[in-house]
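Participant: Got a structure here, written out as structure tokens. Questions coming.
The values are calculated or read from the model by the stated rules, or taken from the named source; none is laboratory data. It should be emphasised that the depicted structure is a prediction, and the values quoted were computed from it without experimental measurement. Positions of Cβ are generated from backbone atoms using ideal geometry, with glycine treated the same way; all protein chains shown enter the neighbour counts.
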């Protein structure tokens, strides 16, 4: 672990700033900048793991799950890499939260408003349609008017935020900049450009020297998992490209050099990413979580801190 500040996009970093009762005012400020025409003055944290009636409903896990003072629900997820059926996945996650509000017996089907916020370290939209922040609602196709205003998806494509620190001109931009870059900043830069008390508090919480020995240990594990994930994705993408070239050459001999190369590269990239990311990464990360949890248990780290570091359930950790 190096640097003055922690990475806010690691599991530990994100929950240290936004995921505790004593720091919920920080989350409320961020949400109030991100959600249009909304002012949250109070919120409560809810369990992040869905507990639906069916077994298949029990695997929807959010980084944060909150209820506002207006009885609205906010689901927040940080996603590092693109997955197949990404949009389906976000719809499924929000539907699990909605399902929880079904009433047994007589019920008029009234539902609360649900916001699903996805902070993405990748871009999922075609280049010609990319926007930093995308707001999605159910709309009437012909008129374009909002059909249902109780279900909203907010996608933040963090790679599209490219402003330098001296060009930032809004509170939301300050939040986005810190999420992306705090771990690379010197203390003097933060003190000069983030002078409001709220951001000074963020800097204090994120400063490595202000963490306990146990917190440093858990963050170190979380930071390693973060780096391992990105390194694995980079390797999978490079392998996919190489495999695409090989397939392209083979098909080019059969169907014509240019046509075969282009089609082969396209198919190879897709095949390489599917095999390298979906299978290898998911299995490897799951095994890594288990090994990490075992090691932290051996070091006598509290169960709750192990949960935060690995996202495993308390029951799974106790079985190790």
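Participant: Would you point out the residue of region 54-92, among those that are at pLDDT below 85 and crowded, with 21+ Cβ neighbours inside 10 Å, that is nearest to residue 226 (Cα to Cα)?
Facilitator: Restricting to residues being at pLDDT below 85 and crowded, with 21+ Cβ neighbours inside 10 Å, the top hit is 62.
Participant: Please pick out the residue among 18, 5, 30 that is surrounded by 15 or more Cβ atoms within 10 Å (Cβ to Cβ), at pLDDT 95 or above and not assigned by TED's automatic domain parsing to the domain that holds residue 203.
Facilitator: None of the others qualify; the one that does is 5.
Participant: Taking the criterion of being part of a loop (DSSP other than H, G, I, E, B), closer than 23 Å to residue 27 by Cβ and in contact (Cβ under 8 Å) with a residue 24 or more places away in the chain, would at least one residue in region 179-194 satisfy it? Give the steps one after another, and end with the answer.
Facilitator: Keep residues of region 179-194 that are part of a loop (DSSP other than H, G, I, E, B), which gives 185-186, 194.
Those still in the list that are closer than 23 Å to residue 27 by Cβ too: 185, 194.
Still in the list and also in contact (Cβ under 8 Å) with a residue 24 or more places away in the chain: 185.
Checking region 179-194: at least one residue is part of a loop (DSSP other than H, G, I, E, B), closer than 23 Å to residue 27 by Cβ and in contact (Cβ under 8 Å) with a residue 24 or more places away in the chain.
Participant: Let me ask something else about it. Going residue by residue through region 94-108, is there one that turns out to be assigned to a loop (DSSP other than H, G, I, E, B), touching a residue at least 12 places away in the same chain (Cβ under 8 Å) and out of contact with any helix residue (DSSP H, G or I) (no Cβ under 6 Å at 6 or more places or on another chain)?
Facilitator: Scanning region 94-108 turns up at least one residue that is assigned to a loop (DSSP other than H, G, I, E, B), touching a residue at least 12 places away in the same chain (Cβ under 8 Å) and out of contact with any helix residue (DSSP H, G or I) (no Cβ under 6 Å at 6 or more places or on another chain).
Participant: Then there's this: Take residue 154 and decide whether it is in contact with a helix residue (DSSP H, G or I) (Cβ under 7 Å, 6 or more places away or on another chain) and modelled with pLDDT of 95 or more.
Facilitator: yes
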